[in-house]
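> So that we are looking at the same thing, I have put the structure below in structure tokens.
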Amino acid sequence: MAQQPSQNLLTGAKMVQEFFGDEILEGIRAQSRDDLPAKVSAEYIAEVCFSAYARPGLVFRERSLMNIAMLIALGRGPELRLHIRAALYNGLTEEQICEACRHAMIYCGVPAGRDALLVASDVFDEVKKSKTKDSKLA
């Protein structure tokens, strides 16, 4: 008999949807495998990580800024790419994201901040190209 999803899993799944939005989630799903490890990972991330996003005290925009800083410190480029895109979705400007990357240079080192700025540049370019492509289709 299948186990019912926990309240944390349901809350986390809702937060994932709200934090990333449809377009980013479609991209994540397109790159994800359809196997047991991917399902275990997605469930854990929703249930344990994103259920915390429902807590009061920080809005998604602020959480996005914190995520960027922590991912720079950890040197997690692929995850940083995803969270820079989410930060734009959650209302941070390109200037604010660049300033966060620049500020990270103080605490994480110039190479980490410079790498983050390169990732940000790539994401900004991808988003602009996507918007241009979408506007030509309309």
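The values are calculated or read from the model by the stated rules, or taken from the named source; none is laboratory data. Because the structure is predicted, anything quoted here is derived from the model rather than measured. Neighbour counts run over all protein chains shown; Cβ positions are idealised from the backbone, glycine included.
> Give the residue, chosen from Ala30, Ala13, that is outside the structural domain of Lys131 (by TED's automatic domain parsing) and in contact with a Phe, Trp or Tyr (Cβ under 9 Å, 6 or more places away or on another chain).
Criteria check complete, one pass: Ala13.
> Going through the stretch 28-45 one residue at a time, which ones are under 26 Å from Leu92 (Cβ atoms) and either touching a residue at least 12 places away in the same chain (Cβ under 8 Å) or outside any helix (DSSP H, G or I) (or both)?
Ile28, Ser32, Ile45
> If you don't mind, another one. Go through the residues of the stretch 29-45 one by one and say whether even a single one is surrounded by 15 or more Cβ atoms within 10 Å (Cβ to Cβ) and farther than 22 Å from Lys128 by Cβ.
Yes, the stretch 29-45 has at least one match.
> All but one of (1) outside the structural domain of Ala13 (by TED's automatic domain parsing); (2) of a type outside the set (D, E, K, R); (3) under 30 Å from Leu10 (Cβ atoms) hold for Gly113; state the number of the condition that does not hold.
In the conditions (1) outside the structural domain of Ala13 (by TED's automatic domain parsing); (2) of a type outside the set (D, E, K, R); (3) under 30 Å from Leu10 (Cβ atoms), Gly113 misses (3) alone.
> Hey, another quick one. What helices (runs of 4 or more DSSP H) completely inside the stretch 69-138 contain at least 1 residues that are free of Cβ contacts under 8 Å to residues at least 24 places away in the same chain and buried (at least 19 other Cβ atoms within 10 Å of the Cβ)?
By residue number, 77-89.
> Could you tell me whether the stretch 60-75 includes any residue that is among the polar types (S, T, N, Q), closer than 18 Å to Gly12 by Cα and within 14 Å of the chain's Cα centre (by Cα)?
So far as the stretch 60-75 goes, yes, one or more of its residues are among the polar types (S, T, N, Q), closer than 18 Å to Gly12 by Cα and within 14 Å of the chain's Cα centre (by Cα).
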